[in-house]
1. Highest mean first, what order results for 95-104, 134-143, 51-60 on Cβ atoms within 10 Å?
2. Compute the Rg to Rh ratio over the range 36-113 from the alpha carbon atoms, using the Kirkwood formula for Rh, and round to two decimal places.
3. Between residue 148 and residue 69, how many nm apart are label points set 7 Å from Cα along the C-beta direction?
4. In nm, to one decimal, how far is the residue 140 label point from the residue 59 one, both placed 7 Å along Cα→Cβ?
5. Figure the gain on full extension for residue 133 and residue 49 (residue separation times 0.36 nm, minus the Cα-Cα span) and round it to one decimal in nm.
Amino acid sequence: MTPQERTLSGDPEPAGSLVAASPVRRSAKPRRSNRAVPFGERLYRLRLERGLSQLQVAELAKISPAYYSALENSKKRPPPDSTVDSLARALSLDDMSRADLAELAIAERFRIETYRPLPHVRDLVVLIRCRESVLQPALVEKLKQQIREAPT
């Protein structure tokens, strides 16, 4: 019996067999690195999920279609918080998705890589202040308390 036939029949592999020790490999899509998806790419995916055109989103968000296209294609830096909020409303995002989009915009604007811990408490304070409008007030207060108690 060949190793493939043995695997298909469910018979255990003999001890010392290379087939038993080697993992089964499946063809999988290439994985992205741990880096966050760029703001423009996330905007593009959200728009496609909702079946909207660039023009429709731009009109709903009250921005120019050229500016929206530049954002989506990462030709412009992520917009200010007010524009991110307009885009979130135009795309009918829930609170969690809205916060994620705002976080991506802030991270790219300030060149903070979101998958790494922030090096300084000062940076964390800036991030909280920028996102305070989309965070729950109780969470903001809890974070501020933890910052106050953190060793300097």
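What follows is calculated from the coordinates using simple rules that are stated; it is not laboratory data. This one's a predicted model, so the numbers in the text were calculated from it and none came from an experiment. We place every Cβ from the backbone using ideal geometry, glycine too, and count neighbours over all the protein chains shown.
1. Ranked from most to least packed, the peptides come out as 95-104, 51-60, 134-143.
2. Taking Rh as the inverse mean 1/r over Cα pairs, Rg/Rh reads 0.92.
3. If labels sit at residue 148 and residue 69, their model points lie 5.1 nm apart.
4. Simple spin-label model gives 3.5 nm for this pair.
5. Length gained, residue 133 through residue 49: 27.7 nm.
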